[in-house]
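Take a look at the structure set out below.
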Amino acid sequence: MTPLPPYAGKLERAWHWFYRGFCALVFFFLIAPILVIIPLSFNAEPYFTFTREMLTFDPDGYSLRWYQDFFTSESWLRSVRNSFVIAISATMVATVLGTVAALGLARSYLPFRAALMGLLISPMIVPLIISAAGMYFFYSSIGLAQTFVGVILAHAALGTPFVVITVTATLIGFDYSLVRAAQSLGATPTYAFFKVIMPLITPGVISGALFAFITSFDEVVVVLFLAGVEQRTIPREMWSGIREHISPTILAVATILVAISIALLVTVELLRRRSARLRGLSS
C-alpha cells in the first residue's frame, strides 16, 4: 500500500488506517479456517477438535500419524498419482491452446475479437455445475465419460481461459517491430516466434500454466460427473472421505494442498514481476 504523503490531513490519516485495519480483518476472516486446519492435522487423537493436550501444548497431543496414514494408504497414493497425471496433461493442452488463442486475439485487426474472447473465457463465467453436466452428456455420447482422456479434456477446457488471459495481458504493449525486424533478416515465422516472441511472453505462459494446473488439481465438480473409480483425484478422494469415513487424514491432505498452493502462488507472483520488468525493457 502506498504510504501517506507528509501533507496528509488528520481525516486522510484516519481513513488510511481504518482502511488498512478493515482489509486486515477481511484477510483474517478468509484465512482463519486454513489456520485452524493446519494444527488440527497434527492431532494425536482421531478428532476434528482441539484436545486438552493440544491446547496446553503437550507434545503427547501432537502426532504425524495422519501424514503417515496418507503416505502409506494405497487409495490416497493412487489419487495423488491420478491428480498429477490429469493436472499435468490438462495443463499442457490448455497452455498450447491458450497461447495460440492469445496470439490471435492480440491482433487488433482480428474480426469478432470481443466475441471470441468472451467465448474462450466462458468456462470461467458459466457455473461449474452447468459446465460439468454439459460435459457429462457430451462425453457420454462419444464414449469419453469415465476415462482419463475425458477428464483431461474437461480440465483443459477449464484451464484454457486462465492461459488466454495471462498471455493476452503479457502481449499488451508488445513491440511487433521486433518480429518484423527478425523477418527482414531472413527469419521464418516459426523461428521468429520461438526466438523473439516466446522469450518475452514466457512469464505469462508459465503463469497461465500454473493457474491451469491449480484449477485442474483442485477441481472436484467435473470429476464427480466424469471420473470413474480409476480416475479418482485427491479432491474426489477427500469428498468420499468426508461422506463415507471421516478421518483426520483429510486435514493432513488439506494442509499439504495449502502448502502446494502457496508455493505455486509465490511462483506466479515472481513470474508476474519478471514479466513486468521485461515489458519495461522492451518498451
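Here, each number is a calculation from the coordinates, and none is a lab measurement. All values derive from a computational prediction rather than experimental measurement. Neighbour counts run over all protein chains shown; Cβ positions are idealised from the backbone, glycine included.
Here the label points at residue 224 and residue 269, each 7 Å from Cα along the C-beta direction, are separated by 3.2 nm in the simple model. The charge dipole of region 10-61, taken about its Cα centre with unit charges on the Cβ of Lys, Arg, Asp and Glu (plus for the first two, minus for the last two), comes to roughly 520 debye. Taking a quarter of the surface of the Cα convex hull of the chain gives a mean projected area of 22.2 nm².
Note on the chain: with a GNM built from Cα contacts shorter than 10 Å, the maximum mean-square fluctuation among 186, 150, 104 falls on 186. Taking label points 7 Å from Cα along the Cα-to-Cβ direction, residue 71 and residue 85 give a separation of 2.3 nm. If you take the Cα centroid of region 104-183 and the Cα centroid of region 46-100, the two points sit 29 Å apart.
What's the magnitude of the charge dipole for the chain around its Cα centre, counting Lys and Arg as +1 and Asp and Glu as -1 at the beta-carbon? Answer in Debye, nearest 20. Display every interim value, and only then the final one.
Working: 19 positive and 14 negative charges, 259 e Å.
With only Lys, Arg, Asp and Glu charged at Cβ, the dipole is about 1240 debye.
Placing dummy labels 7 Å off each Cα toward the beta-carbon, the span from residue 180 to residue 141 is 4.7 nm.
Between 145, 75, 214, the Cα set farthest toward the positive side of the dipole of region 75-282 (charges on each charged residue's Cβ, about the Cα centre) is that of 214. Can you tell me which of 30, 153, 116 moves the most in a GNM of the chain? Springs connect C-alpha atoms under 10 Å apart. Its mean-square fluctuation being the largest, the pick is 30. Springs between alpha-carbon pairs under 10 angstrom, Gaussian network model over the chain: which of 127, 203, 161 fluctuates most? Comparing 127, 203, 161 in a Gaussian network model of the chain, the most mobile one is 127. Summarising the overall dimensions of region 158-256 from its C-alpha atoms, the Rg and Dmax are 20.9, 66 angstrom.
For the chain, relative contact order (Cα pairs under 8 Å, six or more residues apart, normalised by length) works out to 27 percent.
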